[in-house]
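The values are calculated or read from the model by the stated rules, or taken from the named source; none is laboratory data. On a predicted model such as this, the values are computed, not experimentally measured, just so you know. We place every Cβ from the backbone using ideal geometry, glycine too, and count neighbours over all the protein chains shown.
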Amino acid sequence: MTRSQGFTLLEVMIALVISALIAVMAFESLDAADAGATRTNEVLNEINRLDRAWQIIAADLRHVIPPAQADKNAVFKAESLRSSGEDADQLVLLFKRRGWVNFSNLPRSDLQLVGYRVEEGKLWRDFVPERNLELSDIDLEEDDGFHQLLLDGVEDVQLRMLHQGAITSRGKSALEEREFSEDWLQKWPDNTQQGASAQDLPLAVEITIELKGVGSSVRLFAMPEQQQ
């Protein structure tokens, strides 16, 4: 009779090592998949927040009041960030808008003074209701204003404004060439350019927001027509 033989100790050890290696590789794969899914969700959340911020900005710019009107608070100022977002403490947009929705039918105006600022990597929207005060008497960033945090991780905000002088001198080429926005202004008002004074609105505003881990997002907004 032939005696059946079992596994030797060496064979058992080899099998255990192979099983352990398979388990380690499977764990690493699951861990990488979980980390990837977590990062994907984080990016999607940031994209959703960015999209919501764009919607708010679009609604504000759609209702801008041109400065040329007889209103001491009707102003439009814009300037790109002069430093990195993490180091910034700068107002990038300031204007007055109409069309503030009054859901509760409160006895108040539908006008707001609105400012967008970047402070230590955060994009804030500050606003105050119309109070018939001089601009110099209003402090948007302190107790006078309401503050809405729109975005975290802001690395840069760049603005470009199309002015009437560019259209007058270059015609459609100011809009159609490959690098058309290079001749647009990064600060408003700019009294050195025709049609870019404190009494005018730009014809269009291009805004670029760069978020950490997401990248750059660009939107182009046509401004309300200004009554002459």
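Restricting the search to the stretch 58-74, which residues are in contact with a strand residue (DSSP E or B) (Cβ under 6 Å, 6 or more places away or on another chain) and modelled with pLDDT under 85?
First, the residues of the stretch 58-74 that are in contact with a strand residue (DSSP E or B) (Cβ under 6 Å, 6 or more places away or on another chain): 60-61, 63-65, 67, 73-74.
Scanning the stretch 58-74 gives Asn73, Ala74.
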>> List the residue pairs whose Cβ atoms are under 6 Å apart, where the first residue sits in the stretch 202-224 and is outside any strand (DSSP E or B), the second is among the charged types (D, E, K, R), and the two are 6 or more positions apart or on different chains.
In response: Lys212/Glu155; Val214/Glu46
>> So Ala58 ticks every box in (1) part of a strand (DSSP E or B); (2) surrounded by fewer than 20 Cβ atoms within 10 Å (Cβ to Cβ) but one. Which box is left unticked?
In response: (1)
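Could you list, in sequence order, the residues of the stretch 61-97 that are of a type in the set (Val, Ile, Thr) and buried (at least 19 other Cβ atoms within 10 Å of the Cβ)? Lay out the reasoning, then the answer.
Filtering the stretch 61-97 down to residues of a type in the set (Val, Ile, Thr) leaves 64-65, 75, 92.
Selection gives Val64, Ile65, Val92.
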> Looking at the stretch 80-108, which of its residues are assigned to a loop (DSSP other than H, G, I, E, B), of a type in the set (S, T, N, Q) and either at negative phi or at pLDDT 95 or above (or both)?
Replying inline: Ser80, Ser83, Ser84, Asn102, Ser104
